[in-house]
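These notes are about the structure you will find just below.
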Amino acid sequence: MRRFFVDPENIVGAAAVLTGTEARHISTVLRLAAGTVITLFDGSGSYFEAQLTKISPTRVETKIISITPYIDAPGDFQPALHLGIGLLKGKKMDFIIQKITELGIESLRPFRSQFCASHDPAAGRLSRWQKIALEACKQCNRPKPPDLHEVAEFKDLLGVAGQDEHELKLIFWEEEGQKTLQDSLGTLHEIQSGLILIGPEGGFSANEVAAAVAAGYEPVTLGSRILRAETAAIAAVSILQYQLGNLS
């Protein structure tokens, strides 16, 4: 069944209204007819089975048939894995948002650090990222997108309240010469939440790693190959999500 995003403010009683790109997609691209049953999600975790009642290119009206509340909806991920990543240039961040949504990351905290090639995200970037995450939710049948935070300075990220709630705290550094990610996998069955840090295109400086260690992070490496930042992020998230049982 096709899935569409509906703004929670457009759900009133048993009626839900879709506008903008979703309305155009239903009416113009897919040419769905009144009476067709679709799935809606509002980004809070619940699913709605709804029947199309009135269709136009700018507004689609539906009648809600049934509701699957968040607690019963598929696609939630526990233990929760959170990602902090250095701000990447170009459309690399768009790619990261899409893939970590599909892989079940709980939240994303982008940051500026010493070797970031991009320091000033474009205006409206967070709104764009949220739209990308919602589109990825539609594709992968995830009921609730990850929490996407504003870009912060790296030193401020290390001091964010609530960091102590993460039993697993890793910083990936290509110059770590002893401990690999594999060495940290043995304790994953004991955690409820983890936060991992991936550097930007230029990686982390030694001072940044030292600050992270002082904040309770453990440096690890993904091996002898030097990976692009976006490759390292997808590889690390995929390995950890599999080991945590979130890709079962």
Positions within region 138-159 being within 9 Å of the chain's Cα centre (by Cα) and either without any contact (Cβ under 8 Å) to a residue 24 or more places away in the chain or open to solvent by 30 Å² or more (accessible area, probe 1.4 Å) (or both), in sequence order: Asp147
Residue within region 54-62 that is out of contact with any helix residue (DSSP H, G or I) (no Cβ under 9 Å at 6 or more places or on another chain) and within 30 Å of Leu244 (Cβ to Cβ) present: no
Evaluation of Trp129 against (1) of a type outside the set (A, V, I, L, M); (2) assigned to a loop (DSSP other than H, G, I, E, B); (3) crowded, with 21+ Cβ neighbours inside 10 Å (one fails), failing number: (2)
Residues that are within 19 Å of Asp164 (Cα to Cα) and either in contact with a strand residue (DSSP E or B) (Cβ under 7 Å, 6 or more places away or on another chain) or open to solvent by 70 Å² or more (accessible area, probe 1.4 Å) (or both), drawn from region 204-213: Val209, Ala212, Val213
Residue satisfying condition, being touching a helix residue (DSSP H, G or I) at 6+ places or on another chain (Cβ under 7 Å), open to solvent by 40 Å² or more (accessible area, probe 1.4 Å) and either part of a loop (DSSP other than H, G, I, E, B) or of a type outside the set (Gly, Ala, Ser) (or both), within set Glu201, Glu175, Glu135: Glu201
Residues located in region 14-37, provided they are of a type outside the set (A, V, I, L, M, F, W, C) and without any contact (Cβ under 8 Å) to a residue 40 or more places away in the chain: Gly20, Thr21, Glu22, Arg24, His25, Ser27, Thr28, Arg31, Gly35, Thr36
Where Ala212 falls short, out of the listed (1) part of a loop (DSSP other than H, G, I, E, B); (2) more than 22 Å from the chain's Cα centre (by Cα); (3) not β-branched (Val, Ile, Thr): (1)
Residue match in region 111-121 (condition: in contact (Cβ under 8 Å) with a residue 24 or more places away in the chain, part of a helix (DSSP H, G or I) and surrounded by 16 or more Cβ atoms within 10 Å (Cβ to Cβ)): no
Subset of region 160-172 (residues that are open to solvent by 30 Å² or more (accessible area, probe 1.4 Å) and modelled with pLDDT of 85 or more): Glu167
Identity of the residue in region 214-248, exposed (fewer than 13 other Cβ atoms within 10 Å of the Cβ) and aliphatic (A, V, I, L, M), that ends up nearest to Gln192 (Cα to Cα): Ala214
Residue check for Ala229: at pLDDT 90 or above and either aromatic (Phe, Trp, Tyr) or more than 24 Å from Pro79 (Cβ to Cβ) (or both): yes
Odd one out for Thr187 among (1) within 16 Å of Ala80 (Cα to Cα); (2) assigned to a loop (DSSP other than H, G, I, E, B); (3) among the polar types (S, T, N, Q): (2)
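The values are calculated or read from the model by the stated rules, or taken from the named source; none is laboratory data. On a predicted model such as this, the values are computed, not experimentally measured, just so you know. Every residue, glycine as well, gets a Cβ built from its backbone with ideal geometry; the counts of neighbours run over all protein chains shown. Surface accessibility is based on the protein's heavy atoms, side chains included, excluding ligands, DNA and RNA. Shrake-Rupley method; radii C 1.70, N 1.55, O 1.52, S 1.80 Å.
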